[in-house]
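Read-outs: derived from the displayed coordinates by stated rules, not from any lab. Here the structure is a predicted model, which means the values were calculated and not measured. When we count neighbours, we look across all protein chains shown, and the Cβ atoms used for this are built from the backbone with ideal geometry, even at glycine.
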């Protein structure tokens, strides 16, 4: 999991508004894609071992911080590069430990983040 300092820190959002640094999938998209790929009953590759690398997180609306709901933020380059680096290192480590299986990388994500001053409050 990519740390919040990469997923949200570059967006100039007060860290008191950040969602927890955990594996919660606030949009549900990654969970959906993973279940199609490796779901135990109906997945395309139900015997696959899935490795989750979260590189998007959420934050409260800075224009309405009293609202307790978190809103998913877009992908930024720092988080994407850190995730990619982790993936490549993990695959290399797996190979060194004798895992000669296939490694398929699916990166399912949205577009790059837009800084808050450019966004209108209605986009939250």
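Per-structure values
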{"item": "Highest to lowest packing among 72-83, 16-27, 88-99, scored as the average C-beta count within 10 Å", "result": "72-83, 16-27, 88-99"}
{"item": "Whole-number percent relative contact order across the stretch 4-117, with pairs defined as alpha carbons under 8 Å at least 6 apart", "result": "30 percent"}
{"item": "Full-extension gain in nm, residue 41 to residue 29, via 0.36 nm per residue minus C-alpha separation", "result": "2.4 nm"}
{"item": "Cα-derived Rg to Rh of the stretch 4-117, Kirkwood definition", "result": "1.03"}
{"item": "Sequence ranges 54-61, 37-44, ranked by mean other-Cβ count within 10 angstrom, highest first", "result": "54-61, 37-44"}
{"item": "Point-to-point label distance, residue 64-residue 94, nm (Cα→Cβ direction, 7 Å offset)", "result": "4.2 nm"}
{"item": "Label-point separation in nm, residue 102 to residue 84, each point 7 Å along Cα→Cβ", "result": "2.4 nm"}
{"item": "Size of the stretch 44-105 as Cα extents on the principal axes (Å, biggest first)", "result": "51, 27, 15"}
